[in-house]
Amino acid sequence: MKELILLPLLLFPFFLAHAATLRLAPSAAPAVAVGEEIRMTMLVDAGEEKMVTIKVALAYPAALLEFVSFTQASGWFPLVAPGYDAVEAGSVVKTAGFPGGFMGSKEFGTMVFRAQAAGEAVVSLSSDSSIMFNAQGVNKLTEVGNAAISVAAPAEAVGGADIHAPPIGKPPSEPTMGAPQGEVTEAATTSTQ
């Protein structure tokens, strides 16, 4: 009976060591305002099995985010062909091989998005269309990780004028009637008697 209990315990670490994963970093991006850019890194972990080709397919809400650019990490050989390299509103597909293969963790590339509207955006990796091929051409992808981005509305001016706080340690100045702020006119300095 002891042998039956030990067998699952011995096999379990073996399966964990061969988990091939894709994820985005940061998984929870800091809040940004409309117009600001968000930089996300795609990370791949081959585990202890050599991987040679990675295809990343992700989706994002095009109403909230605009795709700006993708930069492939060094050492990768991009595959630029229909179905393997595509950017459309709301989706990005990037594929690359790593000559000689790799084991363990590697950076795949960096994407930049620009926030277009306020809301909660999720950039999601598709486990159906993303792949991690080993040297035998078998897809070993077992897990994907998504990223959440909170986009805040831009600060709005009140009554069409910009409101600025005075510098720390200085009281706000009060302009005189009819004179631009900071100028003193003769009428403002003359007293009526």
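The values are calculated or read from the model by the stated rules, or taken from the named source; none is laboratory data. In this text the structure is predicted, and so the values were computed from the model without any measurement. So basically every Cβ, Gly included, is an ideal-geometry build from the backbone, and we count neighbours across all protein chains shown. Protein only, heavy atoms only, side chains kept; ligands, DNA and RNA dropped before computing areas. Shrake-Rupley method; radii C 1.70, N 1.55, O 1.52, S 1.80 Å.
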- Among the listed residues I131, I163, which satisfies the condition of being within 16 Å of R23 (Cα to Cα) and at pLDDT below 95? I131
- Query: Only one of S150, S124, S129 is open to solvent by less than 70 Å² (accessible area, probe 1.4 Å), under 25 Å from I38 (Cβ atoms), part of a loop (DSSP other than H, G, I, E, B) and in contact (Cβ under 8 Å) with a residue 12 or more places away in the chain; which?
  - Reply: S129
- Kindly provide the set of residues from region 72-92 that are open to solvent by 30 Å² or more (accessible area, probe 1.4 Å) and either farther than 18 Å from F133 by Cβ or part of a strand (DSSP E or B) (or both), ordered by number. Q72, S74, F77, P78, P82, A86, V87, E88, A89, S91
- Give the number of residues within region 32-66 that are in a loop (DSSP other than H, G, I, E, B) and under 11 Å from the mean Cα position of the chain (by Cα). 1
- Message: Take G35 and tell me if it is closer than 19 Å to F133 by Cα and modelled with pLDDT of 90 or more.
- Response: no
- Assuming K170 fulfils every condition listed in (1) over 30 Å from A62 (Cα atoms); (2) open to solvent by less than 80 Å² (accessible area, probe 1.4 Å); (3) at pLDDT below 50 apart from one, which condition is it? (2)
- Query: Which one of the conditions (1) closer than 20 Å to Y84 by Cβ; (2) small (G, A, S); (3) outside any strand (DSSP E or B) does S69 fail to meet, given that it meets all the rest?
  - Reply: (3)
